Amino acid sequence: MSVLFYLSGFVAIVATLMAITRINVVHALLYFILSLLAMAVIFYTLGAPFAAALEVIVYAGAIMVLFLFVVMMLNMGKATEQQERLWLKPSMWIGPSILAAPLLAELLLVISRSGEQTLTTVVSAKEVGIALFGPYVLAVELASLLLLAGLVGAYHLARK
Amino acid sequence: MPAISMQAIPVEHGLLLAAVLFTLGLLGVLTRRNMVFVLMSLEIMLNAVALAFITGGARWANADGQIMFIMIISLAAAEVAVGLGLVLRLFHQFKTLDLDILSKMKG
(Lines give C-alpha, C1' and ligand atoms only; values in the text may rest on other atoms or scores of the structure.)
Protein backbone atom coordinates (compact mmCIF):
# COMPACT_ATOMS: atom_id res chain seq x y z
CA MET A 1 0.00 0.00 0.00
CA SER A 2 2.82 2.41 0.75
CA VAL A 3 4.48 1.50 -2.55
CA LEU A 4 1.23 2.54 -4.23
CA PHE A 5 1.37 5.86 -2.36
CA TYR A 6 4.90 6.73 -3.48
CA LEU A 7 4.28 5.57 -7.05
CA SER A 8 1.12 7.63 -7.47
CA GLY A 9 2.75 10.58 -5.69
CA PHE A 10 5.50 10.49 -8.30
CA VAL A 11 2.92 10.27 -11.10
CA ALA A 12 0.98 13.20 -9.61
CA ILE A 13 4.05 15.45 -9.41
CA VAL A 14 5.26 14.63 -12.93
CA ALA A 15 1.77 14.99 -14.44
CA THR A 16 1.26 18.35 -12.69
CA LEU A 17 4.65 19.54 -13.91
CA MET A 18 3.70 18.54 -17.46
CA ALA A 19 0.28 20.20 -17.08
CA ILE A 20 1.67 23.63 -16.19
CA THR A 21 4.32 23.58 -18.95
CA ARG A 22 2.24 22.48 -21.96
CA ILE A 23 1.64 24.78 -24.92
CA ASN A 24 -1.65 23.19 -25.94
CA VAL A 25 -4.53 23.63 -23.48
CA VAL A 26 -6.11 20.24 -24.18
CA HIS A 27 -2.82 18.41 -23.58
CA ALA A 28 -2.45 20.28 -20.28
CA LEU A 29 -5.98 19.33 -19.24
CA LEU A 30 -5.38 15.66 -20.01
CA TYR A 31 -2.19 15.69 -17.94
CA PHE A 32 -4.08 17.38 -15.12
CA ILE A 33 -6.79 14.70 -15.24
CA LEU A 34 -4.01 12.10 -14.92
CA SER A 35 -2.69 14.01 -11.91
CA LEU A 36 -6.17 14.02 -10.33
CA LEU A 37 -6.57 10.29 -10.84
CA ALA A 38 -3.17 9.72 -9.19
CA MET A 39 -4.38 11.93 -6.34
CA ALA A 40 -7.47 9.74 -5.97
CA VAL A 41 -5.20 6.71 -5.50
CA ILE A 42 -3.24 8.67 -2.89
CA PHE A 43 -6.47 9.46 -1.00
CA TYR A 44 -7.34 5.77 -1.07
CA THR A 45 -3.97 4.76 0.32
CA LEU A 46 -4.33 7.41 3.05
CA GLY A 47 -7.52 5.69 4.21
CA ALA A 48 -10.10 8.04 2.67
CA PRO A 49 -12.01 5.93 0.11
CA PHE A 50 -14.99 8.33 0.00
CA ALA A 51 -12.75 11.28 -0.83
CA ALA A 52 -11.05 9.18 -3.53
CA ALA A 53 -14.42 8.45 -5.15
CA LEU A 54 -15.40 12.14 -4.97
CA GLU A 55 -12.07 13.13 -6.50
CA VAL A 56 -12.73 10.95 -9.54
CA ILE A 57 -16.43 11.81 -9.91
CA VAL A 58 -16.45 15.53 -9.13
CA TYR A 59 -12.93 16.73 -9.95
CA ALA A 60 -11.81 14.50 -12.83
CA GLY A 61 -15.38 14.02 -14.02
CA ALA A 62 -17.36 17.23 -13.63
CA ILE A 63 -14.90 20.10 -13.22
CA MET A 64 -12.46 18.95 -15.89
CA VAL A 65 -15.31 18.33 -18.35
CA LEU A 66 -16.38 21.95 -17.71
CA PHE A 67 -12.86 23.06 -18.64
CA LEU A 68 -12.92 20.91 -21.79
CA PHE A 69 -16.33 22.33 -22.82
CA VAL A 70 -15.02 25.88 -22.50
CA VAL A 71 -11.86 25.08 -24.44
CA MET A 72 -13.98 23.52 -27.19
CA MET A 73 -16.34 26.53 -27.22
CA LEU A 74 -13.45 28.98 -27.55
CA ASN A 75 -12.02 26.97 -30.46
CA MET A 76 -8.51 28.38 -30.21
CA GLY A 77 -6.42 27.57 -33.27
CA LYS A 78 -2.78 27.49 -34.26
CA ALA A 79 -2.40 31.22 -33.60
CA THR A 80 -2.85 30.83 -29.84
CA GLU A 81 -0.36 27.97 -29.85
CA GLN A 82 2.22 30.27 -31.44
CA GLN A 83 1.39 32.92 -28.86
CA GLU A 84 1.76 30.45 -26.00
CA ARG A 85 5.13 29.36 -27.32
CA LEU A 86 6.16 33.00 -27.35
CA TRP A 87 4.97 33.50 -23.77
CA LEU A 88 6.69 30.43 -22.37
CA LYS A 89 10.24 31.70 -22.84
CA PRO A 90 12.77 31.03 -20.05
CA SER A 91 12.88 34.75 -19.32
CA MET A 92 9.19 34.53 -18.41
CA TRP A 93 9.30 31.60 -16.04
CA ILE A 94 12.76 31.75 -14.51
CA GLY A 95 11.99 34.65 -12.13
CA PRO A 96 8.85 33.13 -10.59
CA SER A 97 10.62 29.77 -10.34
CA ILE A 98 13.49 31.29 -8.37
CA LEU A 99 10.98 33.03 -6.10
CA ALA A 100 8.88 29.89 -5.61
CA ALA A 101 11.89 27.67 -4.83
CA PRO A 102 12.57 29.15 -1.34
CA LEU A 103 8.89 28.78 -0.49
CA LEU A 104 9.03 25.10 -1.39
CA ALA A 105 12.29 24.67 0.52
CA GLU A 106 10.79 26.30 3.62
CA LEU A 107 7.66 24.15 3.46
CA LEU A 108 9.73 20.98 3.04
CA LEU A 109 12.01 21.97 5.91
CA VAL A 110 9.16 22.79 8.29
CA ILE A 111 7.26 19.62 7.48
CA SER A 112 10.25 17.28 7.68
CA ARG A 113 11.20 18.72 11.09
CA SER A 114 8.00 17.43 12.72
CA GLY A 115 8.06 14.14 14.59
CA GLU A 116 7.74 10.83 12.83
CA GLN A 117 4.11 9.73 12.97
CA THR A 118 2.34 7.18 10.86
CA LEU A 119 -1.05 6.84 9.24
CA THR A 120 -2.86 3.64 9.98
CA THR A 121 -6.62 4.08 9.95
CA VAL A 122 -9.41 4.09 7.41
CA VAL A 123 -12.17 6.68 7.81
CA SER A 124 -15.18 5.17 6.07
CA ALA A 125 -17.91 6.95 4.11
CA LYS A 126 -20.36 6.15 6.93
CA GLU A 127 -18.38 8.15 9.47
CA VAL A 128 -18.02 11.02 7.01
CA GLY A 129 -21.75 11.04 6.33
CA ILE A 130 -22.65 10.99 10.02
CA ALA A 131 -20.30 13.90 10.71
CA LEU A 132 -21.46 15.79 7.60
CA PHE A 133 -25.15 15.71 8.51
CA GLY A 134 -24.59 15.90 12.26
CA PRO A 135 -22.35 18.69 13.57
CA TYR A 136 -21.55 20.07 10.10
CA VAL A 137 -25.07 20.43 8.70
CA LEU A 138 -24.79 24.23 8.69
CA ALA A 139 -21.64 23.96 6.55
CA VAL A 140 -23.58 21.82 4.07
CA GLU A 141 -26.27 24.50 3.85
CA LEU A 142 -23.65 27.20 3.32
CA ALA A 143 -21.97 25.10 0.61
CA SER A 144 -25.31 24.77 -1.19
CA LEU A 145 -25.73 28.56 -0.97
CA LEU A 146 -22.22 29.00 -2.40
CA LEU A 147 -23.00 26.65 -5.29
CA LEU A 148 -26.25 28.53 -5.99
CA ALA A 149 -24.32 31.81 -6.02
CA GLY A 150 -21.78 30.26 -8.39
CA LEU A 151 -24.57 29.08 -10.68
CA VAL A 152 -26.24 32.49 -10.80
CA GLY A 153 -22.90 34.25 -11.25
CA ALA A 154 -21.79 31.96 -14.06
CA TYR A 155 -25.14 32.36 -15.83
CA HIS A 156 -24.95 36.13 -15.53
CA LEU A 157 -21.34 36.33 -16.75
CA ALA A 158 -21.52 33.87 -19.62
CA ARG A 159 -24.76 35.07 -21.19
CA LYS A 160 -24.50 37.07 -24.41
CA MET B 1 -11.62 -2.54 10.20
CA PRO B 2 -10.56 -3.55 6.68
CA ALA B 3 -7.00 -4.67 6.13
CA ILE B 4 -6.18 -2.00 3.55
CA SER B 5 -3.76 0.83 4.20
CA MET B 6 -2.37 -0.83 7.28
CA GLN B 7 1.20 -0.32 6.18
CA ALA B 8 2.48 2.86 7.65
CA ILE B 9 2.88 5.94 5.46
CA PRO B 10 4.52 8.73 7.45
CA VAL B 11 2.38 11.86 7.85
CA GLU B 12 5.25 14.03 6.60
CA HIS B 13 5.30 12.31 3.23
CA GLY B 14 1.66 13.20 2.57
CA LEU B 15 2.31 16.80 3.64
CA LEU B 16 5.52 16.98 1.57
CA LEU B 17 3.62 15.84 -1.51
CA ALA B 18 0.97 18.50 -0.80
CA ALA B 19 3.69 21.16 -0.47
CA VAL B 20 5.32 20.19 -3.77
CA LEU B 21 1.99 20.21 -5.62
CA PHE B 22 1.00 23.54 -4.05
CA THR B 23 4.26 25.14 -5.17
CA LEU B 24 3.81 23.78 -8.68
CA GLY B 25 0.33 25.31 -8.80
CA LEU B 26 1.68 28.63 -7.51
CA LEU B 27 4.37 28.53 -10.20
CA GLY B 28 1.67 27.97 -12.81
CA VAL B 29 -0.31 30.99 -11.57
CA LEU B 30 2.81 33.15 -11.63
CA THR B 31 4.18 32.11 -15.02
CA ARG B 32 1.23 31.56 -17.35
CA ARG B 33 -0.59 34.39 -19.08
CA ASN B 34 -3.39 32.30 -20.59
CA MET B 35 -6.43 32.54 -18.32
CA VAL B 36 -7.40 28.87 -18.71
CA PHE B 37 -3.94 27.84 -17.48
CA VAL B 38 -4.19 30.21 -14.53
CA LEU B 39 -7.56 28.70 -13.52
CA MET B 40 -6.11 25.20 -13.87
CA SER B 41 -3.16 26.14 -11.65
CA LEU B 42 -5.61 27.45 -9.04
CA GLU B 43 -7.28 24.04 -9.15
CA ILE B 44 -3.88 22.39 -8.59
CA MET B 45 -3.35 24.56 -5.50
CA LEU B 46 -6.81 23.79 -4.10
CA ASN B 47 -6.20 20.10 -4.71
CA ALA B 48 -2.89 20.22 -2.84
CA VAL B 49 -4.62 21.85 0.13
CA ALA B 50 -7.26 19.12 0.01
CA LEU B 51 -4.49 16.52 0.16
CA ALA B 52 -3.08 18.19 3.27
CA PHE B 53 -6.54 18.05 4.91
CA ILE B 54 -6.98 14.39 4.00
CA THR B 55 -3.56 13.60 5.45
CA GLY B 56 -4.47 15.40 8.67
CA GLY B 57 -7.79 13.57 8.86
CA ALA B 58 -6.02 10.26 8.37
CA ARG B 59 -3.47 11.09 11.06
CA TRP B 60 -6.12 11.62 13.73
CA ALA B 61 -8.51 8.96 12.35
CA ASN B 62 -11.12 11.68 12.07
CA ALA B 63 -13.83 12.42 9.49
CA ASP B 64 -13.20 16.19 9.68
CA GLY B 65 -10.46 16.05 7.06
CA GLN B 66 -12.80 14.53 4.51
CA ILE B 67 -15.56 17.02 5.44
CA MET B 68 -13.12 19.82 4.68
CA PHE B 69 -12.28 18.06 1.40
CA ILE B 70 -15.96 18.11 0.44
CA MET B 71 -16.14 21.84 1.27
CA ILE B 72 -13.03 22.49 -0.84
CA ILE B 73 -14.44 20.53 -3.76
CA SER B 74 -17.69 22.54 -3.70
CA LEU B 75 -15.68 25.77 -3.47
CA ALA B 76 -13.62 24.62 -6.47
CA ALA B 77 -16.76 23.84 -8.46
CA ALA B 78 -18.28 27.29 -7.76
CA GLU B 79 -14.98 29.03 -8.48
CA VAL B 80 -14.50 27.20 -11.77
CA ALA B 81 -18.05 27.99 -12.91
CA VAL B 82 -17.59 31.73 -12.29
CA GLY B 83 -14.00 31.70 -13.60
CA LEU B 84 -14.93 29.99 -16.85
CA GLY B 85 -17.82 32.43 -17.25
CA LEU B 86 -15.23 35.20 -16.98
CA VAL B 87 -13.04 33.38 -19.54
CA LEU B 88 -15.94 33.34 -22.00
CA ARG B 89 -16.60 37.07 -21.43
CA LEU B 90 -12.91 37.86 -21.89
CA PHE B 91 -12.72 35.92 -25.12
CA HIS B 92 -15.88 37.47 -26.58
CA GLN B 93 -14.75 40.96 -25.64
CA PHE B 94 -11.07 40.86 -26.65
CA LYS B 95 -10.70 37.70 -28.83
CA THR B 96 -7.78 36.59 -26.68
CA LEU B 97 -7.14 34.88 -23.35
CA ASP B 98 -4.18 37.11 -22.46
CA LEU B 99 -4.63 38.23 -18.86
CA ASP B 100 -2.44 41.29 -19.38
CA ILE B 101 -5.05 42.79 -21.67
CA LEU B 102 -7.28 43.21 -18.62
CA SER B 103 -5.08 46.11 -17.51
CA LYS B 104 -6.93 48.08 -20.20
CA MET B 105 -9.97 48.14 -17.93
CA LYS B 106 -8.32 50.75 -15.67
CA GLY B 107 -10.45 49.58 -12.77
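The values are calculated or read from the model by the stated rules, or taken from the named source; none is laboratory data. Computed from a predicted structure; not experimentally measured. Note that each Cβ is placed from the backbone with ideal geometry, even for glycine, and that neighbours are counted across all protein chains shown. For accessibility, only protein heavy atoms count, side chains too; no ligands or nucleic acids. Shrake-Rupley method; radii C 1.70, N 1.55, O 1.52, S 1.80 Å.
A few remarks follow.
- Residue ID - nearest to residue B:77 (Cα to Cα), chosen from residues in region A:127-147 that are open to solvent by 80 Å² or more (accessible area, probe 1.4 Å) and not in a helix (DSSP H, G or I): A:133
- For region A:32-56, a tally of residues being open to solvent by 40 Å² or more (accessible area, probe 1.4 Å) and either more than 10 Å from every other protein chain (Cβ to nearest Cβ) or outside any helix (DSSP H, G or I) (or both) returns 5.
- Residue satisfying all of: in region A:75-98; of a type in the set (A, V, I, L, M, F, W, C) and open to solvent by less than 50 Å² (accessible area, probe 1.4 Å); modelled with the lowest pLDDT among these: A:76
- Residue among B:23, B:55, B:96 that is in a loop (DSSP other than H, G, I, E, B) and either free of Cβ contacts under 8 Å to residues at least 12 places away in the same chain or open to solvent by less than 20 Å² (accessible area, probe 1.4 Å) (or both): B:96
- Filter result for residue B:82 (assigned to a helix (DSSP H, G or I), more than 7 Å from chain A (Cβ to nearest Cβ), in contact with a Leu (Cβ under 7 Å, 6 or more places away or on another chain) and not acidic (Asp, Glu)): no
- Taken as a whole, the condition of being surrounded by fewer than 20 Cβ atoms within 10 Å (Cβ to Cβ), free of Cβ contacts under 8 Å to residues at least 40 places away in the same chain and under 22 Å from residue A:15 (Cβ atoms) applies to residue B:16.
- Residue within region A:77-88 that is facing chain B (nearest Cβ under 7 Å), assigned to a helix (DSSP H, G or I) and more than 30 Å from residue B:90 (Cα to Cα) present: no
- When restricted to residues that are open to solvent by less than 50 Å² (accessible area, probe 1.4 Å) and either aromatic (Phe, Trp, Tyr) or more than 9 Å from chain B (Cβ to nearest Cβ) (or both), region A:5-26 contains 5.
- When the test is whether a residue is more than 30 Å from residue A:3 (Cβ to Cβ) and either not acidic (Asp, Glu) or not in a helix (DSSP H, G or I) (or both), residue A:150 passes it.
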